[in-house]
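S.K.: Have a look at this one before I ask anything.
The values are calculated or read from the model by the stated rules, or taken from the named source; none is laboratory data. Everything numeric here is computed off the predicted structure, so don't read it as measured data. Quick reminder, even Gly has a Cβ in these numbers, built from the backbone with ideal geometry, and neighbours come from all protein chains shown.
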Amino acid sequence: MPPHPIPVIERMWSKTIVDPTTNCWLYQGRLEKGYGKIGYLKWSNMNVHRISANLFLKLDINDKKQFACHRDDICSNRNCWNPDHLYIGSSITNYRDMRKRGTFKTPFVRGHNFSTRSKRGTPTCS
């Protein structure tokens, strides 16, 4: 995919509004599950908060073990890409944040909720 003629930061700002109360940079372009998406480098769609973490916080976007996480004490807007509202975390910190916010989805297999555990610790249908 050839590079886009307009730098990604300009494209992000052109579709962003700033909330004067929270200082969130709210992306108003394409959203998937609340997260802003835009073409970046070789990826056709990447989360804008991950791009922000790459540009401002030096997140390695090729490292799948690094996550761009929202700081819950400041904001939990999925479409916010203000680097002051982000931190670089791991899958564990991301999981803990989701559990704390209540946004973690319990896996359902064939319509069964496996949120309970047996005495051995294996998932059981509740």
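S.K.: Here are some conditions: (1) modelled with pLDDT under 90; (2) outside any strand (DSSP E or B); (3) under 19 Å from residue 9 (Cα atoms); (4) not β-branched (Val, Ile, Thr). Residue 44 meets all but one. Which one does it not meet?
M.R.: Of the numbered conditions (1) modelled with pLDDT under 90; (2) outside any strand (DSSP E or B); (3) under 19 Å from residue 9 (Cα atoms); (4) not β-branched (Val, Ile, Thr), the odd one out for residue 44 is (2).
Yes/no per residue for (1) under 19 Å from residue 103 (Cα atoms); (2) at pLDDT below 95; (3) in a loop (DSSP other than H, G, I, E, B); (4) in contact with a strand residue (DSSP E or B) (Cβ under 7 Å, 6 or more places away or on another chain):
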site: 20; (1), (2), (3), (4): no, no, yes, no
site: 36; (1), (2), (3), (4): yes, no, no, yes
site: 61; (1), (2), (3), (4): no, yes, yes, no
site: 76; (1), (2), (3), (4): yes, yes, yes, yes
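S.K.: Which condition breaks for residue 69 when tested against (1) surrounded by 11 or more Cβ atoms within 10 Å (Cβ to Cβ); (2) part of a loop (DSSP other than H, G, I, E, B)?
M.R.: (2)
S.K.: Scan (1) free of Cβ contacts under 8 Å to residues at least 40 places away in the same chain; (2) surrounded by fewer than 19 Cβ atoms within 10 Å (Cβ to Cβ) for the single condition residue 34 breaks and write down its number.
M.R.: All conditions pass for residue 34, except number (1).
S.K.: Further question on the same structure: If I go through segment 14-48 residue by residue, how many of them are among the charged types (D, E, K, R) and over 12 Å from the mean Cα position of the chain (by Cα)?
M.R.: Number satisfying all stated conditions: 4.
S.K.: Within segment 91-106, can one find any residue that is outside any loop (DSSP other than H, G, I, E, B), acidic (Asp, Glu) and buried (at least 19 other Cβ atoms within 10 Å of the Cβ)?
M.R.: yes
S.K.: Can you confirm whether segment 74-83 contains a residue that is surrounded by fewer than 14 Cβ atoms within 10 Å (Cβ to Cβ) and of a type outside the set (A, V, I, L, M, F, W, C)?
M.R.: no
S.K.: Conditions: (1) surrounded by 13 or more Cβ atoms within 10 Å (Cβ to Cβ); (2) part of a helix (DSSP H, G or I); (3) out of contact with any strand residue (DSSP E or B) (no Cβ under 8 Å at 6 or more places or on another chain). Residue 10 meets all but one. Number of the miss?
M.R.: In the conditions (1) surrounded by 13 or more Cβ atoms within 10 Å (Cβ to Cβ); (2) part of a helix (DSSP H, G or I); (3) out of contact with any strand residue (DSSP E or B) (no Cβ under 8 Å at 6 or more places or on another chain), residue 10 misses (1) alone.
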